[in-house]
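Beneath this line is the structure, given in structure tokens, with notes to follow.
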Amino acid sequence: MRQPVREGGTGWSTASYQRLPAWINASDGDLRAISPVVEWIGMPVRTGGGRLRVIGGALRGRRIDTLPGVAIRPTGDRVREALFDILGNRVHGADFLDIYAGTGAIGIEALSRGARAVTFIENDPAAADLIRGNLSMAGGPSTRARVIAGDPAHAIALLEFEARCASHVR
């Protein structure tokens, strides 16, 4: 097995991850199975729960908890900042859908930046509970947030059904 190559001492190159042994199937999304191997060859593995922060809007600076382990990989500050820089003012007053929400960081960021409502869809029950906790800890407008724990395809079908029913009531 070849050792991974460092990129100028700052991080691991994508080629490093491609050098994992052929018998490791990381495509199934469960990196917990390969984390001992990844640690053995010296690649960084996130193992502990941590905290993220809301980077903009009314909730700026508030902390968001994460789950320990590698099953959920939260979206980093820079990526969220870039996403919301691209979306700009379109977030304000919008209905926002966060599918595979994980920690809920993106949806909470949308609420912080003035989204009218956010629906979080998360398949993992523990992560859905974490999102509910993060919403209450952030002190944000939880009445504007909805967490659906379950399969995203079923959740989207439910939302479409509710929208059809609501359009007939108006």
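Exactly one residue out of 157, 127, 82, 153 is under 18 Å from residue 66 (Cβ atoms), out of contact with any strand residue (DSSP E or B) (no Cβ under 7 Å at 6 or more places or on another chain) and small (Gly, Ala, Ser), and it is 127. Residue-level check: of (1) within 23 Å of residue 50 (Cβ to Cβ); (2) free of Cβ contacts under 8 Å to residues at least 12 places away in the same chain; (3) among the hydrophobic types (A, V, I, L, M, F, W, C), residue 165 misses just (1). Counting the residues of the stretch 78-102 that are over 20 Å from residue 147 (Cβ atoms) and assigned to a helix (DSSP H, G or I) gives 12. Residues that are open to solvent by less than 10 Å² (accessible area, probe 1.4 Å) and part of a loop (DSSP other than H, G, I, E, B) within the stretch 103-129 comprise 103, 104, 115, listed in sequence order.
Within the stretch 48-61, the set of residues being basic (Lys, Arg) and either touching a Cys at 6+ places or on another chain (Cβ under 8 Å) or at pLDDT 90 or above (or both) comprises 60 only.
Residues in the stretch 138-164 that are part of a helix (DSSP H, G or I), at pLDDT below 80 and either aromatic (Phe, Trp, Tyr) or surrounded by fewer than 16 Cβ atoms within 10 Å (Cβ to Cβ) (or both): 142 only.
Applying the criterion of being touching a Leu at 6+ places or on another chain (Cβ under 9 Å) and under 17 Å from residue 54 (Cα atoms) to the residues of the stretch 68-93, the residue that is modelled with the highest pLDDT is 80.
The values are calculated or read from the model by the stated rules, or taken from the named source; none is laboratory data. Owing to the predicted nature of the structure, the values given are computational and were not obtained by experimental measurement. Because the Cβ atoms are built from the backbone with ideal geometry, glycine has one as well, and the counts that use them run over all protein chains shown. Heads up: the accessible areas ignore ligands, DNA and RNA and are worked out on the full protein's heavy atoms, side chains in. Shrake-Rupley method; radii C 1.70, N 1.55, O 1.52, S 1.80 Å.
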